[in-house]
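Below: the structure, in structure tokens.
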Amino acid sequence: MGKVSAAIDQGGFNFDLCRRNEMLMSKSGFKPPTYRKTGTTIVGLVFQDGIILGADTRATEGPIVADKNCEKIHYMAPNIYCCGAGTAADTEAVTYMVSSQLQLHRHATGRESRVVTAFTLLKTHLFGYQGHVSAALVLGGVDITGPHLHTIYPHGSTDTLPYVTMGSGSLAAMAMFESNYKKGLSRDEGIKLVCKAICAGIFNDLGSGSNVDVCVITKGKTDYLRNYQLPNPRTYVSSKGYSLQGVKLRFCQLGLSR
């Protein structure tokens, strides 16, 4: 019989080897990977006719603003949308995966997707990874049973509430909701409150910024209002704009013009 020997892993940090990691950190001075600070403000509320979701549009790479106008409200089904906070790659991958599963389910059954189906798929997937998939989600939609609004945390825990916030700007946004939310809001009142909550996150959290996206979901209709509000419009020193005549003249002098 051949001798079987177990190969000893000589690599670095491993989430599965708790005692080994502790020894590496205490004796060899090994520094484990740290969490990357992410920033977002996403919200949702229930109004008299359905659900309103809102999000800012700033994507960060550490201290750098990587994208000023990204989309954080993801399509799940014609009647269901999902806001994502955390790592952009994780939120996009998870929502796209569940969205494709819902599409296949609609093809197989010929029926409209239910919010509880998307809700169950998302929380089950995230729970299986124990928080290592950095996706904090606000799921909202309207189906045959009425409007539904849920939050799903990266570890798989969930909340079902009439108004919710997630992300680094969630405390400021929640302050706006707790002060102004009431049952039976109209569409205009709901959009105004969502914008107010997102703006509170934008102006009180460095990880949130740029514009406000809003998604209004009602029975049989969804309105995705991209860049609905611009709380930080870019202003220029010159009201007349800028001219490149001087640059073109310099190019001509250098013989660089075509």
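The values are calculated or read from the model by the stated rules, or taken from the named source; none is laboratory data. Keep in mind it's a predicted model, so treat the numbers as computed, not measured. Backbone-built Cβ (ideal geometry, glycine too); neighbour counts: all protein chains shown.
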_Of all residues in the range 53-67 being outside any loop (DSSP other than H, G, I, E, B) and either surrounded by 23 or more Cβ atoms within 10 Å (Cβ to Cβ) or of a type in the set (Asp, Glu) (or both), the one that is modelled with the lowest pLDDT_ = GLU61
*Scan THR120, THR124, THR145, THR158 and give me the residue that is surrounded by fewer than 19 Cβ atoms within 10 Å (Cβ to Cβ), on the phi < 0 side of the Ramachandran plot and touching a His at 6+ places or on another chain (Cβ under 7 Å).*
THR158
_Restricting to the range 186-211, give me the number of residues that are free of Cβ contacts under 8 Å to residues at least 60 places away in the same chain and under 18 Å from LEU225 (Cβ atoms)._
4
*Would you mind telling me which numbered condition in (1) within 20 Å of the chain's Cα centre (by Cα); (2) not in a strand (DSSP E or B) LEU139 fails?*
(2)
*Of residues in the range 199-246 being basic (Lys, Arg) and surrounded by fewer than 10 Cβ atoms within 10 Å (Cβ to Cβ), the one modelled with the highest pLDDT*: ARG234
_Subset of the range 13-49 [in contact with a helix residue (DSSP H, G or I) (Cβ under 9 Å, 6 or more places away or on another chain), at pLDDT below 75 and exposed (fewer than 11 other Cβ atoms within 10 Å of the Cβ)]_ = PHE15
*If you check ARG111 against the conditions, is it loosely packed, with under 13 Cβ neighbours inside 10 Å, over 16 Å from the mean Cα position of the chain (by Cα) and modelled with pLDDT of 95 or more?*
yes
*asked:* Exactly one of these conditions fails for GLY140: (1) out of contact with any Pro (no Cβ under 8 Å at 6 or more places or on another chain); (2) buried (at least 22 other Cβ atoms within 10 Å of the Cβ); (3) farther than 17 Å from GLY156 by Cβ. Give me its number.
replied: (1)
